[in-house]
1. Would you say residue 176 is in contact with a Gly (Cβ under 6 Å, 6 or more places away or on another chain), aliphatic (A, V, I, L, M) and in contact (Cβ under 8 Å) with a residue 40 or more places away in the chain?
2. Does residue 152 meet the test of being in a strand (DSSP E or B) and within 29 Å of residue 131 (Cα to Cα)?
3. Residues to consider are 106, 134; find the one that is in the same structural domain as residue 176 (by TED's automatic domain parsing) and surrounded by fewer than 14 Cβ atoms within 10 Å (Cβ to Cβ).
4. For residue 139, indicate whether it is closer than 21 Å to residue 120 by Cα and of a type in the set (Gly, Ala, Ser).
5. Let me confirm something: among 233, 247, 242, which residue is out of contact with any strand residue (DSSP E or B) (no Cβ under 6 Å at 6 or more places or on another chain) and either free of Cβ contacts under 8 Å to residues at least 24 places away in the same chain or not charged (D, E, K, R) (or both)?
6. With free of Cβ contacts under 8 Å to residues at least 40 places away in the same chain and hydroxyl-bearing (Ser, Thr, Tyr) as the only criterion, which of 171, 166 stands out?
Amino acid sequence: MPANNIPPQHQDVVEWRELQETIRAVQTKPFALPVVDEDPSVDSKCNLWMMYDGRVRGRNPNTGAVFQLATTTPGSSTSSPASPVDHAPESYNAEYVTTGVQTYDAAGNPVSGDYGQMGNGYRSMLFFDYAAIAADLAGSQISRTELLVTVLDGFNTVGVPLVVGTHDNTTVPATLSGVVDYGLSEKSYTINYPSYQTISAKVAIGMRDGTVTGIVLDPRSDNPNYYGVIAGLGTNGQPPTLRVSYLK
């Protein structure tokens, strides 16, 4: 009998059966943890997640403290409980000013000048005291990674989107080389308004683990809106600064 022809005296029974089917569908629905590259913010409704490096983490709804449930090997279904600690982890924020900025042209050759250029064939490498960063972050759990940049000029006078990648150079290379990852994050920076923007935690994780030493700014796009000029150490404007929030 079509639903719209059900006698009123039977309508409650039909609705009850539909409700049972809905409950059954919810109960049997597969459950999947969201996979993220950094811990969600305190105001996020997500209270359980998995990191890209295989850690399963959650947040205490009463205190807001982040805890780790288990570690897994990426690509594997095996897991192990988190190792017990003899103290509650403490939160830290550390800032690291770049030790240098080097721009390269479309052919991969260095461009003179203590400032960075991105887009229109240009790309820049940011260098840091990677050894000090690795020592600070050793054994830590990265909760947030941010990058401050001062955009001095750009094709788009409102703001410039900076596409963040990583490199593993320990010294400034004579030609563009040593890129580990491209395009991990893309964030827009307002011209002449230095600000911190959250970037992929893979940057800090790589620096902690010794697989990354610095940042690459390369949109790998011909779109003119990606062109921009950023402050270096010897120019006006605050130089690029990496800020890492972590538990240890």
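1. Details: in contact with a Gly (Cβ under 6 Å, 6 or more places away or on another chain): yes; aliphatic (A, V, I, L, M): yes; in contact (Cβ under 8 Å) with a residue 40 or more places away in the chain: yes.
Criteria met by residue 176.
2. On the way: in a strand (DSSP E or B): yes; within 29 Å of residue 131 (Cα to Cα): no.
So residue 152 does not fit the description; no.
3. Working: 134 fails: surrounded by fewer than 14 Cβ atoms within 10 Å (Cβ to Cβ).
Only one candidate qualifies: 106.
4. Working: closer than 21 Å to residue 120 by Cα: no; of a type in the set (Gly, Ala, Ser): yes.
Against the criterion (closer than 21 Å to residue 120 by Cα and of a type in the set (Gly, Ala, Ser)), residue 139 does not qualify.
5. Details: 247 fails: out of contact with any strand residue (DSSP E or B) (no Cβ under 6 Å at 6 or more places or on another chain); 242 fails: out of contact with any strand residue (DSSP E or B) (no Cβ under 6 Å at 6 or more places or on another chain).
After applying the criteria, what remains is 233.
6. On the way: 166 fails: free of Cβ contacts under 8 Å to residues at least 40 places away in the same chain.
One residue alone meets the criteria, 171.
The values are calculated or read from the model by the stated rules, or taken from the named source; none is laboratory data. This one's a predicted model, so the numbers in the text were calculated from it and none came from an experiment. Methodologically, a virtual Cβ is constructed for each residue, glycine included, from the backbone with ideal geometry; neighbour enumeration extends over all protein chains shown.
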